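The structure appears below as structure tokens.
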Amino acid sequence: MTKDNSLNFYSIFKWVIIISFVVYAVFPFLWLVLASLKTNAELLDNPFKLPKVFQFQNYSNAIQEAGLIQLIINSLVISTCATFLNILFASMCAFAIARHIFWWKNVLFLMITAGILVPLNALIIPYYAIINFLNLYDTRLGLILVYCAVGLPVSTFILTEFFRGIPKEIEEASYLDGCNFVARYFRIMLPLALPGLATAGTFQFILCWNEFIYAMLLTSSTEIRTIQFGISYFTNEFFSDYVGMFAAVVVSILPSITVFILFQERVITGLTAGSVKG
Amino acid sequence: MKIKKDEVGWLLLFIAPTLILFTLFFILPILFLLASSFTNWDGIDAEFVGFENYIKLFNKKSFVRAITNNLYWCITAALITVPLGLIIALLLSHRSRGWKVFRTVLFVPQVVSSAAIAMLWAAVFNAEYGLLNFILDNIGLSDYKNHNWLGNVRTANAALIGFSLCYVGYFMVIMLAKTASISEDYYDAAKIDGASQIQKDFYITAPLIKSTFFLCIILAVIFNLRQFEYVYLMTAGGPANKTQVLVVYIWNELTVQRLGRGSAAGVIMIALGAMLLLLLRRILKSETYN
Amino acid sequence: MIKLILKKLSITFIAISFTVISSVASAEITITWPSIWVGKDSKTTVIGELIDEFNAANAGSIKVVVEEQTDYDIYAQKLTAQIATGELPDIMTVGAQLLDVLHRSGKAMDLAPHINSDPHWNNVYPENALQSAMTDGVLSALPYELFVTPVTYNKKILKEAGYDEFPDNYDDFFKMCEAVTANGKVCTSQMTGKNGWTSMLWYSQALASAGGPDIYEKGLDHPAYVKAFEVMEKMYQYTTSDAIGADAGVSGGHFLNERTAVFMNGPWFIARYTSDGIPGLHENIGVAAAPMLMGGEGSPGGYVGGRQSSLAAGKQSDPAKEEAIVKFLKWLTIPENVARLSYSSGAMFIVNADLPNDMDRLFIEMKQGISDAPYVAPIFQNGIGSLAVASEFPQALSALALGDVTPEGAVEMLQDAE
């Protein structure tokens, strides 16, 4: 009896918590969609009133004026490449650190972790100089390199932790079977660390997708710029077309949510691949 | 695993790409930051001024305020945001109906441009037509009818934290991913023992993802040390510098072309972060690292 | 292993050389212009037309290419980075706060020789406008856009409160605010968010009124700075409850929706009274000079305003390119072209241009106000001559409005920012 009661109480608690946070998270999104269907005058009058007429043309205007399609494609290319490289490099490094013993590994790990606390906004001039020095100003490769690099500390940190969680026995068995270094990484560790890879990859992708300062600083031509430029297109020094901006924001969310869902599906398939023990 | 002689090359090769990029985009810029922090560089001229920038910074009330505010952000992140994320991750790990939808929904704020979300929350907290005051007024708290949440010294920081809680999904997703790697065997065994759901959550799942929980705390503390966007977009450090944080302070120094002093503030921030990191490692040591 | 590293390196090199090859020069001179007059800016359309016409007229020899800079803060950071580490773009739009650093960098093209050698500039600019913009005989940036920020007020709200005329001194002004408040409306739109723009303009007005148009040369110790903060302290008793921390959208939104009676902003805001205001707002708006402080050193009818954006060019080693850039700058300063820009955007320019008769009524009233004004004093943000002090202003103002500091204390906060 007592067990049943506690179960009920717990499950009420559970749903209260989940629902309230869902509301917390979803409310801004709903507001955003609603606001993007207003006129600017309506928005300034009262941000929470419903629009008189839904202004669906805000979307077509936004997509056309700011050339959102091209920018989204650019963002997809840049974010995908940067995420792939970042996860590849970070997982290689994390594998080396988490699964091997060498005398300077703690120093290395601490140093890379410390990279998380570097205030990237303070490095505008050095980054501009480095990218110019490499002759990568206004190129996709330049942005890819920067995004790949700035995400390395977080990705390495997360992945090291996930690699550490994989039981030693699995790797040792494969080692005895004659698997070499590279094979252990590709065949054994990567599949087992899929939830970790997907998680780190999600964050890396979101970082690339949402990054604004360096996207503006290191590029100048529209053929290369990312979706964040499309969002800023609607704000100016003295005038902001909020509803146009909101429409652009809503459009920009769709691809990144899709990527999130795809990546997170890997976490589940990673699970069903089985043979993993906490 | 001990490294065999013939595998040392592979090991180095695996570390090399990260190390090269890290050197290029972290170590070099930081050395540059350090060097310029001892000058009065303004973009054109630079003279060596010794520790002047550092001394001036620590004599600024607004800079000291920024440090304490950052610590406040770090502490609330470790004590509120991450534990909340853990609770939600535990609840979602039951995989009840619709858990995938909830997971995605909770992550949505992460992918929405923060400029747009900040604009919404500024409107929620607005004193004239804000939603929060409207609700409070309607449930009888008429004192709050025109309360300016972000413009009041007492409530500005709290309102910012409240706003930041909508990003709890970030840490929830990391911890939830970790629960995916827990073997069903544990739960089957617990079922046989007649454990309730709450017992399973707190005696099986929670301990097994403890290391990830600590990882999240470390990440949360560091992220909040370099807190920029929320504060910059919502209050820009105001009113009266009361919500100032380090990175906003640095950004302002760069905007007014005091690049040397901005660098010094950056160096102080990195030093502070390194100390916090070492402290956290010591506190969480036995659990996370071998 | 070394082989692999070499392979990696060579891939990088191929990538680099690829970008170099792709930017091989052609016979046509390309001029790049990172412009802020893009996107939703009111000048976007006509600037685009002017560039197209220029490119068409010079097809095959010169081509102007715009790089869109939509975020002003980041554009300013980028220029700082370019000044610090590399070369400047061919043409730039520079705000007042970057003029000094641009000049000192020595990386900007000196336009003085071109002005002396060609009568065009001296013909189209008012007398001394160019000479006064020079430093030691060097002209690093061509003055272009101009602005003033008189008071705009809602005649309807004032009438309801019993006022037909806008008061010319602060004693009467605050009495009027009292009457407006008693009538259930709010008197002024204020803000301390971001750079505190609207409030900073009020402060500038009060400052010029208390200390005269040359107040910025008198130093922060001058009592006018305290007096102007005393005005602001009072002003914040008659503003909306969300003023502290409000941004330009919020403070402007109140005026557009007739929640506040008085607002201060530049001519670029005129078009929004029609596009974003509640119906009929535009007809109800009056323009006036700011009130005066009794016993101040300023004169009645004084305006504040100043240089908005200037045009600058990066130093060139190729004389042909320098000529091309100068040619384009001349194109932008031809009176007919300036008139088109002004007409479509509502912006004001320093260049003498005959404007069409059907310009917006408020624009004409502002223009009239300038020619009647005894002076146009600089706004605080530009006149004070220190970026650090200017950026501390919203913090000092919010501290004052919260009762954290006295007007003297607010001035001390400004002094400490240096």
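Among all positions in the range C:334-349, there is at least one residue which is aliphatic (A, V, I, L, M), at pLDDT below 95, touching a Gly at 6+ places or on another chain (Cβ under 9 Å) and surrounded by 19 or more Cβ atoms within 10 Å (Cβ to Cβ). When the residues of the range C:123-167 are filtered to those that are acidic (Asp, Glu) and farther than 30 Å from C:PRO89 by Cβ, the one that is surrounded by the most Cβ atoms within 10 Å (Cβ to Cβ) is C:GLU160. Would you call C:PRO213 surrounded by fewer than 23 Cβ atoms within 10 Å (Cβ to Cβ) and away from chain B (no Cβ under 14 Å)? Yes.
Matching residues to (1) at the interface with chain A (Cβ under 7 Å from one of its Cβ atoms); (2) closer than 16 Å to A:ILE97 by Cα:
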| site | (1), (2) |
| --- | --- |
| B:GLY9 | no, yes |
| B:PHE14 | yes, yes |
| B:ILE27 | no, no |
| B:LEU33 | yes, no |
| B:THR39 | no, no |
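Results for (1) free of Cβ contacts under 8 Å to residues at least 60 places away in the same chain; (2) in contact with a Phe, Trp or Tyr (Cβ under 6 Å, 6 or more places away or on another chain); (3) away from chain C (no Cβ under 14 Å), shown as yes or no for each residue.
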position	(1), (2), (3)
B:LEU79	yes, no, yes
B:LEU120	yes, yes, no
B:ASP137	yes, no, no
B:HIS147	yes, no, no
B:ALA156	no, no, no
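The set of residues from the range B:181-207 being free of Cβ contacts under 8 Å to residues at least 24 places away in the same chain, within 10 Å of another protein chain (Cβ to nearest Cβ) and closer than 25 Å to A:LEU192 by Cα comprises B:SER181, B:SER183, B:GLU184, B:ASP185, B:TYR186, B:ILE204, B:PRO207. A single entry from C:ALA373, C:ALA320 fulfils the requirement of being surrounded by fewer than 17 Cβ atoms within 10 Å (Cβ to Cβ) and in contact with a strand residue (DSSP E or B) (Cβ under 7 Å, 6 or more places away or on another chain): C:ALA320.
Considering (1) of a type in the set (A, V, I, L, M); (2) crowded, with 22+ Cβ neighbours inside 10 Å; (3) part of a helix (DSSP H, G or I), the lone condition that C:ALA243 does not fulfil carries the number (3). Counted as qualifying within the range C:142-223 are the helices (runs of 4 or more DSSP H) with 3 or more residues that are free of Cβ contacts under 8 Å to residues at least 60 places away in the same chain, namely C:170-182. Per the listing A:ILE130, A:ILE166, A:ILE125, the residue uniquely within 10 Å of chain B (Cβ to nearest Cβ), touching a residue at least 60 places away in the same chain (Cβ under 8 Å) and crowded, with 19+ Cβ neighbours inside 10 Å is A:ILE166. Could we say that C:GLN237 is assigned to a helix (DSSP H, G or I) and within 20 Å of B:HIS147 (Cα to Cα) here? Judged against the criteria, C:GLN237 is a match.
Of B:GLY260, B:GLY238, B:GLY273, all but one fail to be of a type outside the set (D, E, K, R) and not in a helix (DSSP H, G or I); the exception is B:GLY238.
Annotation: of all residues in the range A:98-109 being more than 8 Å from chain B (Cβ to nearest Cβ) and aliphatic (A, V, I, L, M), the one that is surrounded by the fewest Cβ atoms within 10 Å (Cβ to Cβ) is A:VAL107.
The helices (runs of 4 or more DSSP H) located wholly in the range A:35-151 that include 1 or more residues which are over 30 Å from A:ASN180 (Cβ atoms) and of a type in the set (D, E, K, R) occupy A:40-45, A:57-65.
For C:THR260, state whether it is touching an Asp or Glu at 6+ places or on another chain (Cβ under 6 Å) and closer than 29 Å to B:ASN241 by Cα. No. Among the residues of the range A:29-39, are any in contact with an Asp or Glu (Cβ under 6 Å, 6 or more places away or on another chain) and buried (at least 17 other Cβ atoms within 10 Å of the Cβ)? No: the range A:29-39 contains no residue that is in contact with an Asp or Glu (Cβ under 6 Å, 6 or more places away or on another chain) and buried (at least 17 other Cβ atoms within 10 Å of the Cβ). Of the set (1) in contact (Cβ under 8 Å) with a residue 24 or more places away in the chain; (2) closer than 19 Å to A:LEU43 by Cβ, all apply to A:PHE239 but (1). So if I check each of C:ILE384, C:ILE325, which one is buried (at least 16 other Cβ atoms within 10 Å of the Cβ) and closer than 30 Å to C:GLU297 by Cβ? Matching residue, one of C:ILE384, C:ILE325: C:ILE384.
In the set (1) assigned to a helix (DSSP H, G or I); (2) touching a helix residue (DSSP H, G or I) at 6+ places or on another chain (Cβ under 8 Å), the condition left unmet by A:ILE224 is number (1).
Here's the yes/no breakdown for (1) within 27 Å of A:ALA129 (Cβ to Cβ); (2) surrounded by fewer than 19 Cβ atoms within 10 Å (Cβ to Cβ); (3) β-branched (Val, Ile, Thr); (4) touching a His at 6+ places or on another chain (Cβ under 7 Å):
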position: A:PHE181; (1), (2), (3), (4): no, no, no, no
position: A:TYR185; (1), (2), (3), (4): no, no, no, no
position: A:PRO191; (1), (2), (3), (4): no, yes, no, no
position: A:LEU194; (1), (2), (3), (4): no, no, no, no
position: A:LEU197; (1), (2), (3), (4): no, no, no, no
position: A:GLY201; (1), (2), (3), (4): no, no, no, no
position: A:TRP209; (1), (2), (3), (4): yes, no, no, no
position: A:MET216; (1), (2), (3), (4): yes, no, no, no
position: A:SER221; (1), (2), (3), (4): yes, yes, no, no
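When the test is whether a residue is within 26 Å of C:GLY383 (Cα to Cα) and among the basic types (Lys, Arg), C:ARG307 passes it. Filtering the range C:376-402 to residues that are over 16 Å from the mean Cα position of the chain (by Cα) and more than 10 Å from chain B (Cβ to nearest Cβ) leaves only C:PHE393.
Total residues in the range C:44-91 satisfying the condition of being at the interface with chain A (Cβ under 10 Å from one of its Cβ atoms) and either closer than 19 Å to C:TYR343 by Cα or in contact with an Asp or Glu (Cβ under 7 Å, 6 or more places away or on another chain) (or both): the figure is 2. Kindly list, by first and then second residue, each pair from a residue in the range C:281-309 that is more than 23 Å from C:THR260 (Cβ to Cβ) to a residue that is in a strand (DSSP E or B) and of a type in the set (Val, Ile, Thr), limited to pairs with Cβ atoms under 6 Å and residues at least 6 apart or on different chains. Cβ pairs passing all conditions: C:SER309/C:THR93. Listed by first and then second residue, the pairs with beta-carbon distance under 8 Å, at least 6 apart or on different chains, first residue in the range B:233-259 and within 14 Å of C:THR192 (Cα to Cα), second among the hydroxyl-bearing types (Ser, Thr, Tyr) and assigned to a helix (DSSP H, G or I), are B:LEU233/B:SER114; B:GLY237/B:SER62; B:GLY237/B:TYR249; B:GLY238/C:SER398; B:PRO239/C:SER398; B:ALA240/C:SER398; B:ASN241/B:SER62.
Only one of the numbered conditions (1) touching a residue at least 12 places away in the same chain (Cβ under 8 Å); (2) under 29 Å from B:MET175 (Cα atoms); (3) away from every other protein chain (no Cβ under 12 Å) is violated by B:ILE75, and that is (1).
Only residues that are within 8 Å of chain A (Cβ to nearest Cβ) and in a helix (DSSP H, G or I) were counted across the range B:89-105, and they come to 7.
The values are calculated or read from the model by the stated rules, or taken from the named source; none is laboratory data. Model, not experiment: these values are computed from the prediction. Here Cβ is always computed from backbone atoms with ideal geometry, including for glycine, and neighbour counts include all displayed protein chains.
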